[in-house]
1. Which members of region 143-158 meet the condition of being touching a strand residue (DSSP E or B) at 6+ places or on another chain (Cβ under 7 Å) and part of a helix (DSSP H, G or I)?
2. Within the bounds of region 89-100, is there any residue that is loosely packed, with under 14 Cβ neighbours inside 10 Å and modelled with pLDDT of 95 or more?
3. Kindly list, by first and then second residue, each pair from a residue in region 146-159 that is without any contact (Cβ under 8 Å) to a residue 60 or more places away in the chain to a residue that is surrounded by fewer than 24 Cβ atoms within 10 Å (Cβ to Cβ), limited to pairs with Cβ atoms under 8 Å and residues at least 6 apart or on different chains.
4. What helices (runs of 4 or more DSSP H) lie completely within region 231-340 and have 2 or more residues being aliphatic (A, V, I, L, M) and within 22 Å of A158 (Cα to Cα)?
5. Of all the residues that make up region 280-299, how many are in contact (Cβ under 8 Å) with a residue 12 or more places away in the chain and either hydroxyl-bearing (S, T, Y) or in the same structural domain as A159 (by TED's automatic domain parsing) (or both)?
6. Please go through (1) in a helix (DSSP H, G or I); (2) surrounded by fewer than 16 Cβ atoms within 10 Å (Cβ to Cβ); (3) small (G, A, S) for A227 and return the number of the only condition it doesn't satisfy.
7. Check whether at least one residue in region 180-195 is out of contact with any Phe, Trp or Tyr (no Cβ under 6 Å at 6 or more places or on another chain), modelled with pLDDT under 95 and among the acidic types (D, E), and report yes or no.
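The values are calculated or read from the model by the stated rules, or taken from the named source; none is laboratory data. It should be emphasised that the depicted structure is a prediction, and the values quoted were computed from it without experimental measurement. Don't worry about glycine lacking a Cβ; one is built from the backbone with ideal geometry, like all the others, and counts go over all protein chains shown.
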Amino acid sequence: MEIKQVVVTGPNMVELQTLSLNEEVGPDEVFIETEFTFISAGTELANYTAKDAGVFKPGNWNSYPWKSGYANVGIVRKVGENVTKVKAGQRVYTFGRHASAIIVNQKELIIEVPEDIDPAIAASSRMAGVAATSIILSDVPHNAWVAVFGLGAVGNLAAQMFRNLGCKVIGVEPNEHRRRLAEACGLPITIGGSDEEVREQIRAITGGKLAHITIDAVGHSGVVMQALKSTANFGQIVLLGSPRVPVEGNLTELLSAMHVRWITMRGGLEWCLPVYSELPSIVSLYSKQQLVFDWIRQGKLELAKQISHTVKPSQIKAAYDGLLNEPETFTGVVLDWKQS
């Protein structure tokens, strides 16, 4: 059958292509008709703009031409004979591409979307799944101060999640529009300024303690160094974003501060988690998404205010360029595949 699919063909080049998909499913496969997908501004724009050099390495996961997207909600139309996780007719969430139809193996993440969650919101919850890694990795002390550096979608949601755990959260963001959006999402303390100004504001807000946990939600080595200076002794730094661009500096400055002040740094790439786990003590991608859906249903995660645009898949070029060049206008973009 013919499907429509988003393909990044080169730096700053993206198309909605007509491709062929064999809709016959294997024993463990699920055929899904897509309703909505959500654009990950960090990963997708890094590949769209070639900020990630891997796009030029043949055989790499993101090499051009790259079929983008990893936040898909749709309706199951066919299941293989061995499939037990979902049934035909169910609305499901997967890490599927931006495409009008996809086939997913049940060994990959596939989870039913609760009936009381809007499917567009469910697709946008992908960023909450990314953000949730920060609370999984952190050893959260009682009444902790947490500083989240970067209040894009991932940072905003990470801050909301630490707030849900009872932490006192400070959002750090140079862009005033993002600070105001974070405040509208229930985060009362947001700050901006130079590195030194931010550190002194955090020192004043915390009564001299600094932050017990700092989160780099930007994915930039310079931000990690900024976060380090605002982290309390015996504190933790979580690298939630993926550092992609080279930054020159004194590595000893980082390592010496970690050594002398007993600071722990943790990488937060979610793909290190198992997809499923039979043990309740082991967090999986599946259980993490269950938590995200639970918090959405309880009104504890604000996602709708972060979606600025819902567009047709044919408008993908405008969506990417808007997210890249007009971040105050394009804060979050959903692709509506019912309009493809």
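1. G155, A158
2. Yes, that holds for at least one residue.
3. Qualifying pairs under 8 Å: A159/L187.
4. Fully inside region 231-340 and qualifying: 285-297, 316-325.
5. Matching residues across region 280-299 total 1.
6. (2)
7. There is at least one residue in region 180-195 that is out of contact with any Phe, Trp or Tyr (no Cβ under 6 Å at 6 or more places or on another chain), modelled with pLDDT under 95 and among the acidic types (D, E).
Conditions tested, residue by residue: (1) in contact with a Lys or Arg (Cβ under 7 Å, 6 or more places away or on another chain); (2) assigned by TED's automatic domain parsing to the domain that holds V92; (3) not hydrophobic (A, V, I, L, M, F, W, C).
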{"position": "S138", "(1), (2), (3)": "no, no, yes"}
{"position": "V169", "(1), (2), (3)": "yes, no, no"}
{"position": "V172", "(1), (2), (3)": "no, no, no"}
{"position": "A184", "(1), (2), (3)": "yes, no, no"}
{"position": "A204", "(1), (2), (3)": "no, no, no"}
{"position": "H212", "(1), (2), (3)": "no, no, yes"}
